[in-house]
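Peer 1: Attaching a single structure in structure tokens format; questions to follow.
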Amino acid sequence: MTAQIIDGKSLAQKICSDLKQKISALNGNIPCLAVILVGDDEASRIYVRNKQKKAAEVGIDCHIIELSDSIGENALLETIDELNNNPEVNGIIVQLPLPQHLDTQKIIARISPDKDVDGFTPYNSGLLSSNNPDAFVSATPKGVLAMLQSINVNLCGKHAVVIGRSQIVGRPMGKLLLNHDCTVTITHSHTVDLPSITKTADIIVSACGQPQMIKSSWIKDGAIIIDVGINRTDGKLCGDIDFDDVKNKASYITPVPGGVGPMTIAMLLANTFEAFSRQKSHPQHHCCHGHDCHCSK
Ligand code: GUN
């Protein structure tokens with residue numbers, strides 16, 4: 001068997017051109033995404049630049065707020081409050097990872113749930129946990145789901161094995177697949193005998209950051225393999241899957257680059273458009289930050 005390639009690049013292009021059309025019909029009243037970038041992590045800079053470039057292509061106004069590595073927690077929280085309270089800003093993301101001295105969970109939790117287009121706040125994460133359709137779903141898992149739906153696989157009852165338990169991919173991916181009636185196993189660096197688990201998978205979603213770790217001997221015939229890994233080895237990009245080895249045993253596989261990466265950006269922009277649309281139809285948004293909240297609602 002030779003696996004069919006799931007072409008994330010062209011699927012993302014289609015999503016972006018649909019978005020572009022919807023935004024051009026708004027007659028100049030366009031969505032706005034604010035991206036907070038702290039410090040000078042080189043990979044983060046590249047990701048953020050790519051987000052801004054794609055946003056411009058679809059007609060979303062994307063502001064990058066660059067802050068120094070040495071910014072204090074309170075100053076960063078105040079920046080988020082200002083964006084929360086600015087009616088012209090529809091979506092807010094804080095590019096991760098943050099420098100060590102900042103409490104990532106506290107910073108993320110400060111983003112208004114209505115503008116949380118990364119879906120990382122406890123509020124949206126909770127909505128996803130309870131299978132509530134109002135959740136903003138994190139971009140990468142949402143992109144992976146769209147890729148699975150593009151091949152018309154019936155997810156109900158499938159054994160999906162997620163490799164990695166990060167807040168950005170593994171955890172929300174597991175919840176999303178569960179919400180689509182998969183039987184989900186989330187594995188991680190402490191999992192015992194990972195290949196014995198991946199061999200039982202109908203679908204593998206790998207987000208562990210180990211270059212070409214997954215071999216054909218780890219998978220069953222006809223498995224669907226989604227590679228979220230973006231690893232740099234000898235200056236070349238590769239995923240977590242040993243593509244050349246696995247492609248003869250899988251039924252579908254995603255390439256790196258040109259697979260999940262472009263879908264992540266397309267879904268972030270789709271979430272930004274969704275936030276914009278919700279804010280236009282329900283301008284008075286709620287606040288769920290609790291008694292020490294600093295937003296002005
Ligand atoms: N760092 C790596 N991926 C992401 C992402 O999807 N969103 C944010 N905010 N930071 C990231």
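Peer 1: So which of L33, L96 is surrounded by fewer than 19 Cβ atoms within 10 Å (Cβ to Cβ), closer than 21 Å to S138 by Cα and in contact (Cβ under 8 Å) with a residue 60 or more places away in the chain?
Peer 2: L96
Peer 1: Right, another one. Which condition from (1) assigned to a loop (DSSP other than H, G, I, E, B); (2) within 17 Å of A34 (Cβ to Cβ) is the one that N152 breaks?
Peer 2: (2)
Peer 1: So K236 ticks every box in (1) surrounded by fewer than 24 Cβ atoms within 10 Å (Cβ to Cβ); (2) at pLDDT 95 or above but one. Which box is left unticked?
Peer 2: The number of the failed condition is (2).
Peer 1: Restricting to segment 154-166, give me the number of residues that are surrounded by fewer than 19 Cβ atoms within 10 Å (Cβ to Cβ) and closer than 11 Å to A207 by Cα.
Peer 2: The number of residues fulfilling the criteria is 2.
Peer 1: Return the only residue of L83, L77, L67 being under 17 Å from T121 (Cβ atoms), within 15 Å of the ligand (Cβ to nearest atom), out of contact with any Phe, Trp or Tyr (no Cβ under 9 Å at 6 or more places or on another chain) and not charged (D, E, K, R).
Peer 2: Every option except L83 fails the conditions.
Peer 1: For segment 184-202, which residues satisfy the criterion of being outside any loop (DSSP other than H, G, I, E, B) and crowded, with 16+ Cβ neighbours inside 10 Å?
Peer 2: Those that are outside any loop (DSSP other than H, G, I, E, B) and crowded, with 16+ Cβ neighbours inside 10 Å: V184, T185, I186, T187, L194, I197, T198.
The values are calculated or read from the model by the stated rules, or taken from the named source; none is laboratory data. These figures come from a predicted structure and were not determined experimentally. When we count neighbours, we look across all protein chains shown, and the Cβ atoms used for this are built from the backbone with ideal geometry, even at glycine.
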